[in-house]
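A short write-up of the structure that comes next.
No value in this document is a laboratory result; all are computed from the given coordinates. These numbers come from a predicted model, not from an experiment. When we count neighbours, we look across all protein chains shown, and the Cβ atoms used for this are built from the backbone with ideal geometry, even at glycine.
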Amino acid sequence: MRKRQRSMFRRLGLSCLLIWPLFAMAATANNAAPTPPMGWNSWNHFGAKVTADDVRHAADELVASGMAAAGYRYVIIDDGWQGSRDANGVLHPNAKFPDMKALADYVHGKGLKFGIYSSPGEHTCGGFTGSYGHEAQDAKTFAGWGVDYLKYDLCSFRTRLKGKSLADQTAMMQAAYRKMHEALEATGRPVVYALCSYGWGRVWEWGAEVGANLWRSTIDIEPGYQSMMFNAQAQQGLERWAGPGHWNDPDMLEIGNQGMDNPDMERTHMSLWALLAAPLIAGNDLAAMSGDTRSVLTNPEVLAVDQDSRGAQGRRVWQEGPVQLWAKPLADGTLAVGLVNTLDHPLDATLDFKALGLAGAVPARDLWQRRDLGLIDATHTFDVPAFGVVLLKMGKSATH
Ligand code: GLA
């Protein structure tokens, strides 16, 4: 077997793939996320103040901006929509969301999918009502509204874990997350199931087993370069847990938000998320989006790297000081390559072909410039902008 793999990769000229995880975990039961989910979530821009009108406008803008056509399908309301339970325990939205079913219908009417947020604890992180003790009832309520995506955030469930052994904590989280998975399954409605436990309990090891399609593997992202790089780099080593149907989630995009509003940083953010096969959930104010932000979010060649059907999560294959080299093998046998400059001034850099498993002269295409570079070898110099990236597709069929 080993010999066969080696000669196959040598033929492809991609010997580095030998160390890529060859057998991703078995896919989860539902077929809701064969590629990383793409959409928009209210939290990063609107926080808990989000209203039904904000969500309606986001749906309008997703379509008008071309983002929906580019693949962003899920419109997800994060924390802040919940009101209280009635005498029968049924959870109702608060006054900012007068008619959730009508809102879901509106989103569906635009050809989009509708997502919502809850917690396995009594309270969400924003202090709103959680699903603890009402899992089956809430799953039915959500299905009745037409929910297609649930973000299920640990939040106050953490207080139940206090004083417990690590093994017990993990078992309790697994049971809580499995409970909602089973409740969603029982509704018969296909729902993308997104866990949010910030990496607690090594969630990547068991997320797929409890029915999740994606799981947050880091603390919350903030709109800044350092936070974005921290979350990207924390994915290193988690490659084997991602694959079609089940994804590591380094958190939502900050592209277009204040603090992440320099196009070079935005391109680095987008390139790394694409290389990592990360869910692409935009979190900006779509109505106020600049042309630059829009083109970063919708570049079809970069999105194709993220959405590649092979579903391999890329990784950092080389680093020297401030320069990092990331790579991700694609279904067509080519390699997506990100050359990242973490300095605050431009840098000339070359590719370490050995680390990439490449040799000689290789066809390459620049995915941000959308330009064929022809054959390049290890001496080819790239001018990488401050906090910027060069994103390439390399290999036999990389050029157009
Ligand atoms: C946590 C999550 C965030 C967001 C907030 C909402 O911090 O990690 O993504 O959902 O809760 O309160």
**Item:** Spatially proximal lysines relative to Lys101 (Cα-Cα < 17 Å; intrachain offsets below 8 disregarded)
**Value:** Lys110, Lys113, Lys140
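First measure r as the distance between the Cβ atoms of Lys396 and Glu209, then evaluate 1/(1 + (r/R0)^6) with R0 = 30 Å and state the FRET efficiency to the nearest 0.05.
The value I calculate is 0.20.
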**Request:** When you have a sec, figure out the Kirkwood radius of segment 331-389 from all distinct Cα pair distances and drop it here in Å to one decimal?
**Result:** 12.4 Å
**Request:** Could you run the Karplus curve 6.51 cos²θ - 1.76 cosθ + 1.60 with θ = phi - 60° over segment 384-396 and give me ³J(HN,Hα) per residue in whole Hz, x for Gly and Pro?
**Result:** 9, x, 3, 6, x, 8, 10, 10, 10, 10, 10, x, 3
**Asked** For the chain, what relative contact order do you get, as a whole percent, if you take Cα pairs closer than 8 Å and at least 6 residues apart?
**Response** 15 percent
**Prompt:** Amide H of Ile76: which non-local residues (sequence gap of 5 or more, or other chain) have their own amide H closer than 5 Å, using H built in the peptide plane?
**Reply:** Trp40, Asn41, Ser42, Gly115
**Message:** Which of Ser119, Ser165 has the fewest other C-beta atoms within 10 Å, and how do the rest follow up to the most?
**Reply:** Ser165, Ser119
**Message:** Whole angstrom only: what separates the Cα centroid of segment 380-400 from the Cα centroid of segment 84-104?
**Reply:** 49 Å
**Asked** If you take the charge dipole of segment 77-126 about its Cα centre, with +1 on Lys and Arg Cβ and -1 on Asp and Glu Cβ, which of Val107, Asn94, Ile77 is farthest toward its positive end?
**Response** Val107
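Quick check on the exposure proxy: order Tyr74, Tyr193 from fewest to most C-beta atoms within 10 angstrom. Walk me through the numbers before you get to the answer.
Values: Tyr74 24, Tyr193 27.
Fewest to most other Cβ atoms nearby, the residues stand as Tyr74, Tyr193.
Take Ile376, Ile77 and order them by how many other Cβ atoms sit within 10 Å, fewest up front.
Least to most surrounded, the residues fall as Ile376, Ile77.
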**Message:** Spelling out what I want: for every residue of segment 364-373, take phi, set θ = phi - 60°, compute 6.51 cos²θ - 1.76 cosθ + 1.60 (Karplus), and round to whole Hz; glycine and proline get x.
**Reply:** 9, 10, 8, 7, 7, 7, 6, 9, 6, 9
**Fill in**
Cα convex hull volume per residue for segment 42-102, in Å³, equals 90 Å³
**Prompt:** Quick one: Karplus J couplings for segment 350-355, per residue in order, coefficients 6.51, -1.76, 1.60, θ = phi - 60°, nearest Hz, x for Gly and Pro?
**Reply:** 10, 8, 7, 4, 4, 4
**Request:** Report, by chain and number, residues whose modeled amide H sits under 5 Å from the one on Gly83, excluding near sequence neighbours (fewer than 5 apart, same chain).
**Result:** His92, Asn94
**Request:** Could you quote the convex hull projected area for the chain, Cα atoms only and averaged over all directions, in nm²?
**Result:** 19.8 nm²
**Message:** If you fit an axis through the alpha-carbon atoms of helix 135-145 and take the longest principal axis of the Cα set of the chain, what angle between them do you get, 0 to 90°, nearest 10?
**Reply:** 80 degrees
